[in-house]
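Below: one structure, written as structure tokens.
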Amino acid sequence: MGKLVVLNHPLIDHKMALIRDKNTSTKTFRETVGEIGALITYEITKDLETVEIEVETPIQKTICRQLKKQLVIVPILRAGLGMVNGIHDMVPSAKIGHIGLYRDEKSLEPVSYYAKFPTDILDGVVLVVDPMLATGGSATAAITELKNRGAKDVRFVGLVGCPEGVKRLQMDHPDVPIYLAALDEKLNEVGYIIPGLGDAGDRLFGTK
Ligand code: PRP
Ligand code: URA
């Protein structure tokens, strides 16, 4: 079964309270989602492999370490875009791919409309990012598409998940670790996470 890590950190919890609040403005929501993206990067990259390199300081040569594999950030459009800048600020060398999926409102099944990835997904560490892991359909579909195109080392990074989505993703992709800022109670009858934060895409882009 895939590893589940729920990040427990006072700063992340503090910022999560802000984005859950229905009175938070679109501007603050967007900025805070980005900030949480930056904070969680520290945790999700903790076990990345490094290699030795020789560096010449102003004083003498020394051995340092640098990341072994290329990092690739793949936001699930639209809402995943909100987390990209925060992560990218922490790892500016990361490449970025995009996958467009939306949930059909009735069936809740993901509908694919776009995919473009750098070739680095073949050998790199791929972070699939989306604030919401609800039924798990979108995350599962995105990861299946990435694997079909040759990605081998994939991690899912979300802000709010629920047991239903975690179970689905762990079943469909047991090799993929799941990192969440919070694990909520459950899905409601129309597929929204409760307590959740509402529709992440609408709140990020002001479409409601
Ligand atoms: C939201 C969210 C996830 C998906 C999660 O996207 O950003 O991609 O729902 O739900 P699931 O786990 O049940 O698949 P949405 O379909 O609303 O599209 P949007 O980001 O374009 O608004
Ligand atoms: N997508 C969202 O944006 N929010 C939810 O609660 C579930 C799916």
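The values are calculated or read from the model by the stated rules, or taken from the named source; none is laboratory data. Values in this document were obtained by computation on a predicted structure and should not be read as measured data. Every residue, glycine as well, gets a Cβ built from its backbone with ideal geometry; the counts of neighbours run over all protein chains shown. These area figures cover heavy atoms from the full protein model, side chains too; ligands, DNA and RNA do not enter into them. Shrake-Rupley method; radii C 1.70, N 1.55, O 1.52, S 1.80 Å.
Please specify each residue of region 1-13 satisfying the condition of being surrounded by 12 or more Cβ atoms within 10 Å (Cβ to Cβ) and closer than 20 Å to Asn85 by Cβ. Correct list: Leu7, His9, Ile12.
The set of residues in region 19-43 that are part of a loop (DSSP other than H, G, I, E, B) and either in contact with a strand residue (DSSP E or B) (Cβ under 9 Å, 6 or more places away or on another chain) or open to solvent by less than 80 Å² (accessible area, probe 1.4 Å) (or both) comprises Asp21, Thr24, Ser25. Within region 59-68, the set of residues being open to solvent by 80 Å² or more (accessible area, probe 1.4 Å) and closer than 25 Å to Lys95 by Cβ comprises Arg65, Gln66, Lys68. Among the criteria (1) under 11 Å from Gly2 (Cβ atoms); (2) open to solvent by 10 Å² or more (accessible area, probe 1.4 Å); (3) not in a helix (DSSP H, G or I), the one Ala182 does not fulfil is (1).
List every residue pair whose Cβ atoms sit under 7 Å apart, with the two residues 6 or more apart in sequence or on different chains, where the first one lies in region 91-107 and is at pLDDT 90 or above and the second, anywhere, is of a type in the set (D, E, K, R). Qualifying pairs under 7 Å: Lys95/Asp120; Gly97/Lys116; His98/Lys116; Ile99/Glu145.
Evaluating Leu48 against the criteria (1) in contact (Cβ under 8 Å) with a residue 60 or more places away in the chain; (2) surrounded by 15 or more Cβ atoms within 10 Å (Cβ to Cβ); (3) not hydroxyl-bearing (Ser, Thr, Tyr) leaves one unmet condition, (2). Out of Glu109, Glu56, report the one residue that is open to solvent by 90 Å² or more (accessible area, probe 1.4 Å), within 15 Å of ligand 2 (Cβ to nearest atom) and among the acidic types (Asp, Glu). Of Glu109, Glu56, the one residue that is open to solvent by 90 Å² or more (accessible area, probe 1.4 Å), within 15 Å of ligand 2 (Cβ to nearest atom) and among the acidic types (Asp, Glu) is Glu109. Scanning region 128-150 for residues that are surrounded by 24 or more Cβ atoms within 10 Å (Cβ to Cβ) and touching a residue at least 40 places away in the same chain (Cβ under 8 Å) yields a count of 10.
Of all positions in region 7-18, at least one carries a residue that is in contact with a strand residue (DSSP E or B) (Cβ under 6 Å, 6 or more places away or on another chain) and either of a type outside the set (A, V, I, L, M) or outside any loop (DSSP other than H, G, I, E, B) (or both). Specify the residue that is most open to solvent (accessible area, probe 1.4 Å); the eligible residues are those in region 189-208 that are within 8 Å of ligand 2 (Cβ to nearest atom) and part of a loop (DSSP other than H, G, I, E, B). The extreme case among them is Tyr192.
Thr144 satisfies every condition listed in (1) β-branched (Val, Ile, Thr); (2) within 16 Å of ligand 2 (Cβ to nearest atom); (3) within 21 Å of Tyr114 (Cα to Cα) except (2). All conditions but one from (1) touching a residue at least 40 places away in the same chain (Cβ under 8 Å); (2) within 15 Å of ligand 1 (Cβ to nearest atom) apply to Pro110; the one that does not is (1).
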